[in-house]
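Working notes for the structure below.
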Amino acid sequence: MKVPFLDLSRSHQALRDEILQSFAATYDAGRFCLGDDVVAFEKEFATASGVADAVGIANGTAALHLVARALNLGPGDDIVVPAFTFIASAWTASYVGARPVFCDVDPATYNATAETIAAAITPATKAIVVVHLFGQAADMDPILELGRARGIPVIEDCAQAHLATYRGRPVGTMGCAGTFSFYPTKNLGGVGEGGAVVSTDAALLERVRLLRVHGSKVRYQHDEVGYNYRMEGLQAGALRVKLRQLEAWTAARRAHAQTYREGITLADTQLPQPAAWGDSVYHQFTLLHPRRDALRAHLADHGVSTDLIYPRALHEQPCFAEIGPATGSLPAAEALARTCLSLPIFPELTEAELAYVIETINTFAG
Ligand SMILES: Cc1ncc(COP(=O)(O)O)c(C=O)c1O
């Protein structure tokens, strides 16, 4: 049997007619950049995410950039960023000329904690980026307390965590702002690029809206240096169709994760466990195994596609060679990069496919 790591065509086929109808409506109305579809999506996504308002953005990286700008972060500032995440989390600092200061993560949740963040705070720290990695909310209360005590805002990178909650509170609503990505592979993915900023701070969202369109509210008057980070109408239309499926898709991801946990018995394997403060939405199901590369080759030999997310910690990326810290300084993040293996977890995986992945893992001889 062949099991793909991700097969978007399954959901796209099921939603084909609805999405194409939404495209036709947008096409006929000529609402391509922002417009009614984006406004409607912003409202619907805000409701789904438990916030009053959301701002549709061109992509998740731009969303992080806009939040950094809205917080007036810039040269001379340090921003704490987990060392085990996608590179864009660190661009939050780089794009505004600030310095990303990498912190270690918890080997159980793969997320930064108040302790690992505290160890990375410097006198110049002006923000903390928390990533709810793979869909698992970070342990927010101690992090928020740390931020409050030091007067440092907490930005939530929710790119992988649509509908995730922390002790019943939606991600993105606890820090000063939350950013989302709608890259096609995300739990809620467009048919192209997309992103959003959410916040309970109306003034911050107002600034994000201004910066999103060239720093302009009145045509050809530019109050500050802004960007072309508009969300496209066609994307908003597709996202509105897909948003209606998001709860069911999230339930399917959680059920698959539970099936993996019940089935995988391979020795020396660490599986993701639901955190005490709320289960993951399983953007990824990432196990740890000391012989990860051999296990991955065994799965590939038997037709099961997997991925390494992420094979290198951020402080070991060539682009941050001068920033560091040196290899060996953030041992948990470095160990994760060496031992992590992400399994197929997309909603449309069949029971037979799941059973086959489990059986193939359990027959790995090591
Ligand atoms: C944790 C994280 N942050 C930020 C981003 C950036 O999102 P985008 O690809 O939409 O720019 C991504 C996704 O790619 C991500 O996984």
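The values are calculated or read from the model by the stated rules, or taken from the named source; none is laboratory data. Owing to the predicted nature of the structure, the values given are computational and were not obtained by experimental measurement. Every residue, glycine among them, receives a Cβ derived from its backbone with ideal geometry; neighbour counts consider all protein chains shown. Only protein heavy atoms, including side chains, enter the accessible area calculation; ligands, DNA and RNA are left aside. Shrake-Rupley method; radii C 1.70, N 1.55, O 1.52, S 1.80 Å.
Of the helices (runs of 4 or more DSSP H) lying entirely inside the range 1-104, those containing at least 1 residues that are free of Cβ contacts under 8 Å to residues at least 60 places away in the same chain, under 16 Å from the mean Cα position of the chain (by Cα) and on the phi < 0 side of the Ramachandran plot are 88-94. All of T200, T179, T173, T165 fail the test of being farther than 27 Å from N72 by Cβ and either surrounded by fewer than 22 Cβ atoms within 10 Å (Cβ to Cβ) or in the same structural domain as F23 (by TED's automatic domain parsing) (or both), apart from T165.
In the condition set (1) open to solvent by 10 Å² or more (accessible area, probe 1.4 Å); (2) more than 15 Å from G324 (Cα to Cα); (3) in contact with a helix residue (DSSP H, G or I) (Cβ under 6 Å, 6 or more places away or on another chain), D106 is compliant with all but (3). Here L210 qualifies as away from the ligand (no atom under 16 Å from the Cβ) and surrounded by 18 or more Cβ atoms within 10 Å (Cβ to Cβ). Scanning the range 81-103 for residues that are buried (at least 23 other Cβ atoms within 10 Å of the Cβ) and within 20 Å of A335 (Cα to Cα) yields a count of 10. Going residue by residue through the range 135-148, is there one that turns out to be in contact (Cβ under 8 Å) with a residue 12 or more places away in the chain, buried (at least 20 other Cβ atoms within 10 Å of the Cβ), over 25 Å from R230 (Cα atoms) and of a type in the set (V, I, T)? Among the residues of the range 135-148, at least one is in contact (Cβ under 8 Å) with a residue 12 or more places away in the chain, buried (at least 20 other Cβ atoms within 10 Å of the Cβ), over 25 Å from R230 (Cα atoms) and of a type in the set (V, I, T), which makes the answer yes. The set of residues in the range 40-57 that are out of contact with any helix residue (DSSP H, G or I) (no Cβ under 8 Å at 6 or more places or on another chain) and open to solvent by 20 Å² or more (accessible area, probe 1.4 Å) comprises K43, T47, G50. Scanning the range 162-177 finds no residues that are within 11 Å of the ligand (Cβ to nearest atom) and in contact (Cβ under 8 Å) with a residue 60 or more places away in the chain. Can you find a residue in the range 28-37 that is in contact with a Phe, Trp or Tyr (Cβ under 8 Å, 6 or more places away or on another chain) and within 20 Å of T179 (Cβ to Cβ)? Checking the range 28-37: not a single residue is in contact with a Phe, Trp or Tyr (Cβ under 8 Å, 6 or more places away or on another chain) and within 20 Å of T179 (Cβ to Cβ). Residues that are over 19 Å from L204 (Cα atoms) and within 16 Å of the ligand (Cβ to nearest atom) within the range 39-69 comprise just one, F41. Could you tell me which residue of the range 182-197 is farthest from the chain's Cα centre (by Cα), considering only residues that are within 11 Å of the ligand (Cβ to nearest atom) and open to solvent by 10 Å² or more (accessible area, probe 1.4 Å)? Looking at residues that are within 11 Å of the ligand (Cβ to nearest atom) and open to solvent by 10 Å² or more (accessible area, probe 1.4 Å), I get G192. I want to confirm something. Restricting to the range 223-272 and keeping residues that are closer than 30 Å to E206 by Cα and polar (S, T, N, Q), which single residue is surrounded by the most Cβ atoms within 10 Å (Cβ to Cβ)? Here the answer is Q235.
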